[in-house]
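The values are calculated or read from the model by the stated rules, or taken from the named source; none is laboratory data. These numbers were taken from a predicted model, which means no experiment stands behind them. For neighbour counting, all protein chains shown are included, and Cβ atoms are generated from backbone atoms with ideal geometry for every residue, glycine included. Side chains are part of the model used for accessible areas, which takes the heavy atoms of the whole protein and leaves out ligands, DNA and RNA. Shrake-Rupley method; radii C 1.70, N 1.55, O 1.52, S 1.80 Å.
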Amino acid sequence: MCAEEIGFVEKYDLLGCIQCGRCTGGCPVALRTDLRVRCFMYDTQNEERLEELSERPEIWDCTTCYTCAARCPKGLEPLEVLIGLRSLQIEEGRVQPTVRDALESIFKDGNPWGSPRAKRLDWTAGLEVEALEPEAEEATDVLLFVCCTDAYDPRVMKVAQALVKVLNAAGVDFGIIGEEESCCGSEVRRLGEEGLFEMCDEENVELLNSFNVNRIVTVSPHCYNTLKKEYHGLKHPVLHYTELVAELLEEGKLQLSKEMAKVITYHDPCFLGKQNDIYDEPRYIITRIPGVEFREFDRCRERSLCCEGGGGKMWVESESKAERLAEIRVEDAKELGAEIIAVACPFCLLTLEDATKVKGVEEEMRVADILELLAEAL
Amino acid sequence: MNGKPKIGVYVCHCGTNIAGTVNVEEVVQFAQTLPDVVVARNYSYMCSDPGQALITDDIANMGLNRVVVASCSPRMHEPTFRKTLLSGGLNPYFLEMANIREQCSWVHDDPIAATEKAKRVVEAAVVKARRLEALDVKEVEVEPSCLIIGAGIAGIQAALDIADAGFKVYLVEKSPTVGGHMAQLDKTFPTLDCSACILTPKMVDVANHPNIELMTYSQVEEIGGYIGNFDIKVRKKSRFVDMDKCTGCGACAEECRMAGRIPNEFDEGIGMRGAIYLPFPQAVPAKYTIDKENCLFLSKGKCGESPKCKEACQAGAINFDLQDEVVEFKVGTIIVATGFDIFDARLKPEYGYGVYDNVLTALEFERMVNASGPTGGKVVMLERGKKKKKKEGEEAEAPRMPRSVTFIQCVGSRDKSVGNEYCSRVCCMYTAKLAHLVKDKVGHDCEVTIFYMDVRAFGKGFEEFYDRVRREGVKYIRGNPSEIYKKGDKLIVRAEDTLTATPLEHETDMVVLSVGLCPRSDNREIIDLLKLSQSSDLFYLEAHPKLRPVDTASDGIYLAGVCQGPKDIPDAVAQAKGAASAAMIPMASGKVKVEAQTSVVNEDTCRGCGFCVELCPFSAIELVEINRMGWPVKVARVNEALCKGCGACAAACLSGSIQQRSFKDLQLMPQIKALGVK
């Protein structure tokens, strides 16, 4: 057992914890589930209790939003302890069937959605987009790394399609990987499957490095975070699409002509905001769309509320029956008078859109990725 | 000292610090075999009286002319043993220390290897001792005056003590008034005495003391020289108000077209002032100042028909042509008492400071509970950035008092994420004090909650005060909040009650952030002027954390107050008195010894490249023209009063023309060779 060999105390610097409670205090799911991440920082110091602690169902409630780590005054990462406990369960093979299936699907087909690799490019039908050749002599500016969810989910697919339209409109020299593209492994690591993540890391780095490109642009903030911060030896710089699009707008390469007379608010994805400090670019893009009235959530930027889509939560249902955070988010947006909740992450798109249906407001409130709005404003 | 070297070697046990790892007996036996070593001994504590007596006795009885002490780092006890040599009748620079503690016993576990290393270090010291030369200790006269930078409570106290002892003090303060942060406070913990009541008499005293020359709204621009003879240049910024004529009546401020439109720094921005202003009623000097950035006449060249302040001033004190004045003087000593900044709460965006009107810093809240503050001492809900209607007859709606006030401790302290790992030492107690004041001023039914992670009530009367405040009904919840957001017109503080593992959404009207103390953002100015060092927390570094807490590495320059590290008022005053006393030692004796291990230039070989001039951190070297066999050439020359013996020049000199006394190549190279370095 890898995690046990190193020892939780050293691996997570547990003795540095002063039990101040900022982690649990800021934890978005602490109020609706039994998860008390601070207690785990204390309890896991006793290595004899690790097995028992790893069997607690609440370790699967963590969305890995990173708020606990961002708030920790000692620079610790409490969420990693929970991921470490998940690893112990994964190694024992004790996981929910949905998680097992997702992980198996990544191993077999390079995506967590149980779809064959051959269908990976279905989303490109009718679009002007080419797969790049590895080791090409001439460099392409942008390699688009398309998230599995964007590639396979019929709803989220529209986001990737919008991005292609936007990039073509701006005359960007870009291409995609093609069928060889595989899951980045962000959710794999967060579900605790360390071995499979190492494989994703190695294989993707080798694949990505084989392309002669200036930079990689990801659609999902989860891929962005993993490529940028968790991979080893990646040669190319990594951007999130909001960074690229903001650049295109600033340089005047992308023109938005159509009016969109709507009240729009923006939901900060945790993996873009809290984890990578990208707050201004999405707002800059939205406010450049003609006619838009932009309103901020009270809880925005560093204080944004997690939608509960990350940390493998797409495949783990919480036992809690309390109101979902995405539903709170939708209510807040309604109170704000927003007609559109703009997002920049496939998981946020799915969780928030689902919440509008639960709340019965799907008619008057739209959830859309910034890219979809941009494509409409071209 | 001529003749054959006769060396005594003394190996210290330092209790078990050295002897626990190093076999000192074996080292002594080894030392006895070294050439020129006449005697070698060991003793449990060489620095003790009997230990030193071993050395003086051997000098007298055996005619030693060199001494090697193998013990600790020279930092602490080199001065001790130099005195021993002196009292034994030897030149003190015939001492060589072999560090077998910090550089040997403390860092090694293996006794055999550590003993071998100790032998090498001792042998190298013996080799160098053989080549040591006698040095003269020079003395310089000390100007009996002191420059004190900063007139908060530390600077004020130091100034009064030194002035009372009969020395001249130049007290320089950057802002228009003396008093510092203490003047902003309402009550002081744990005794609850009124801050102004105990401070203002001292403020008046510094202004009136015959031995104190007070320069407010002034900045030190240049400092040259060395202990005993510092040359100081101070810029007295123009107030555009004639200090001799201004009566402090305040008619000008009432008439100023900008009145009530500029955030008053003294009120932490929650109160307003005009372009001509007195920071607070008890300000010293009680003279008005025009802030030229905000004065319409000075910044835009036009203020209505003519400046209203000038019309209003009966004394004719306002003069827009007044210029800055630069004064120069000499002092013997310098005390730095520049204080602190409070932590910028915007760096913790999760608390919504700057977003929500009623999330305040503790210092803003302090101004609010202060009777001379912007709300006249009333605790009220704030509406920031809202312009007050000035229509006559229209009664403004009375601001509402909060029904609940919540304090968050450790904001910007003990927090690696903002680079402040230290505890600010005052927040626990000022929070308890402010909580008490809320109960006192708003009423007992106002709910007061303090979120904390540890309560550090370590000072005299602190724990008793903490007990009292809890019994007054102030609720302490153990858990440091993680974020604040808004629900309706209430603020929601998200935290965990860590004692019961209960996540909370605590509703409150007002949140006070107990911000910590930080090094001043303009610290760099003083560092550049005085070449001060900083500790890892970026406060100024004292010469020794335990035994020289008010001295700096530079002779004649001392520290007082929070500029050295967070402290409360009693500690700041105590340190100020310590700094005053330390500064008075050279001033009282009238002369001071200067470094003897200075650098010396061989003018016959110096090429005059000037590299050393650039390098010297003390500006002690200059190029001078000499006549070399009929040719005028430039060579480096060291001002020995300024040289601190750091050795940077000697290490860098391309031609080996600069040598540092006691560290000459002829002394160092054999020592290095003896260590086994090829």
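Key figures for this structure:
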read-out	value
Meets criteria (in a helix (DSSP H, G or I), within 10 Å of another protein chain (Cβ to nearest Cβ) and not acidic (D, E)) for A:R38	yes
Selection count, region B:334-352, where residues are within 14 Å of another protein chain (Cβ to nearest Cβ) and touching a Phe, Trp or Tyr at 6+ places or on another chain (Cβ under 8 Å)	3
Residue identified as more than 28 Å from A:P221 (Cβ to Cβ), more than 8 Å from chain B (Cβ to nearest Cβ) and without any contact (Cβ under 8 Å) to a residue 24 or more places away in the chain among A:E55, A:E10	A:E10
Residue, nearest to A:W315 (Cα to Cα), within region A:102-126, restricted to residues that are free of Cβ contacts under 8 Å to residues at least 60 places away in the same chain and surrounded by 15 or more Cβ atoms within 10 Å (Cβ to Cβ)	A:W113
Test: residue in region B:162-178 that is touching a residue at least 60 places away in the same chain (Cβ under 8 Å) and assigned to a helix (DSSP H, G or I)	yes
Neighbours by Cβ (under 6 Å, 6+ apart or cross-chain): first from region A:216-237, farther than 27 Å from A:E372 by Cβ and in the same structural domain as A:D173 (by TED's automatic domain parsing); second polar (S, T, N, Q) and open to solvent by 10 Å² or more (accessible area, probe 1.4 Å)	A:K235/A:N209
Residue satisfying all of: in region B:440-462; more than 16 Å from B:V369 (Cβ to Cβ) and among the aliphatic types (A, V, I, L, M); nearest to the other protein chains (Cβ to nearest Cβ) among these	B:M453
Residue selected from region B:641-678 under the condition in contact with a Ser or Thr (Cβ under 8 Å, 6 or more places away or on another chain) and open to solvent by 50 Å² or more (accessible area, probe 1.4 Å), by the criterion farthest from B:V121 (Cα to Cα)	B:S655
Filtered residue count, region A:342-360, keeping only those that are in contact (Cβ under 8 Å) with a residue 24 or more places away in the chain and basic (K, R)	1
Within region B:538-548, tally of residues that are open to solvent by less than 70 Å² (accessible area, probe 1.4 Å), assigned to a loop (DSSP other than H, G, I, E, B) and at pLDDT 95 or above	3
Within region A:17-35, tally of residues that are in contact with a helix residue (DSSP H, G or I) (Cβ under 9 Å, 6 or more places away or on another chain) and more than 21 Å from A:C307 (Cβ to Cβ)	5
Test for A:R189: is it in a strand (DSSP E or B) and either open to solvent by 30 Å² or more (accessible area, probe 1.4 Å) or at pLDDT below 95 (or both)	no
Scan of region B:491-528 for residues that are part of a loop (DSSP other than H, G, I, E, B) and away from chain A (no Cβ under 11 Å), ordered by number	B:D509, B:G516, B:P519, B:R520, B:S521, B:D522
Filtered residues of region B:415-427 (kept if buried (at least 23 other Cβ atoms within 10 Å of the Cβ) and at the interface with another protein chain (Cβ under 10 Å from one of its Cβ atoms))	B:D415, B:N420
Whichever residue in region B:463-490 is open to solvent by 30 Å² or more (accessible area, probe 1.4 Å) and at the interface with chain A (Cβ under 8 Å from one of its Cβ atoms) and, among such residues, is farthest from the chain's Cα centre (by Cα)	B:K486
Answer from A:P269, A:P282 - the residue that is under 27 Å from B:L347 (Cβ atoms), part of a helix (DSSP H, G or I), open to solvent by less than 10 Å² (accessible area, probe 1.4 Å) and away from chain B (no Cβ under 14 Å)	A:P282
Residue within region A:19-26 that is surrounded by fewer than 20 Cβ atoms within 10 Å (Cβ to Cβ) and more than 14 Å from chain B (Cβ to nearest Cβ) present	no
Qualifying positions in region B:116-170 - over 30 Å from B:N99 (Cβ atoms) and open to solvent by 20 Å² or more (accessible area, probe 1.4 Å)	B:V140, B:E141, B:E143, B:P144, B:I153, B:D161, B:D164, B:A165, B:G166, B:F167, B:K168, B:Y170
Residue in region A:127-177 that is surrounded by the fewest Cβ atoms within 10 Å (Cβ to Cβ), counting only those that are outside any loop (DSSP other than H, G, I, E, B) and among the charged types (D, E, K, R)	A:D141
Unmet requirement for B:N208, which otherwise passes all of (1) surrounded by fewer than 19 Cβ atoms within 10 Å (Cβ to Cβ); (2) within 28 Å of B:E143 (Cβ to Cβ); (3) in contact (Cβ under 8 Å) with a residue 12 or more places away in the chain	(3)
Selection count, region B:315-336, where residues are on the phi < 0 side of the Ramachandran plot, part of a loop (DSSP other than H, G, I, E, B) and open to solvent by 10 Å² or more (accessible area, probe 1.4 Å)	7
Unmet requirement for B:F297, which otherwise passes all of (1) in a loop (DSSP other than H, G, I, E, B); (2) surrounded by 15 or more Cβ atoms within 10 Å (Cβ to Cβ)	(1)
Residue among A:R32, A:R49 that is of a type in the set (D, E, K, R), more than 9 Å from chain B (Cβ to nearest Cβ) and not in a helix (DSSP H, G or I)	A:R32
One residue from A:E331, A:E323 being under 18 Å from A:R299 (Cα atoms) and part of a loop (DSSP other than H, G, I, E, B)	A:E323
Those residues of region B:606-640 which are aliphatic (A, V, I, L, M), in a loop (DSSP other than H, G, I, E, B) and surrounded by 15 or more Cβ atoms within 10 Å (Cβ to Cβ), in sequence order	B:A620
B:A572 being touching a strand residue (DSSP E or B) at 6+ places or on another chain (Cβ under 6 Å), modelled with pLDDT of 95 or more and either buried (at least 20 other Cβ atoms within 10 Å of the Cβ) or on the phi > 0 side of the Ramachandran plot (or both)	no
Test for A:T44: is it of a type in the set (S, T, Y) and facing chain B (nearest Cβ under 7 Å)	no
Set A:T44, A:T24, A:T63, A:T33: member being at pLDDT below 95, among the hydroxyl-bearing types (S, T, Y) and either more than 23 Å from the chain's Cα centre (by Cα) or not assigned by TED's automatic domain parsing to the domain that holds A:E319 (or both)	A:T33
Verdict on B:K531 being outside the structural domain of B:I223 (by TED's automatic domain parsing) and open to solvent by 10 Å² or more (accessible area, probe 1.4 Å)	no
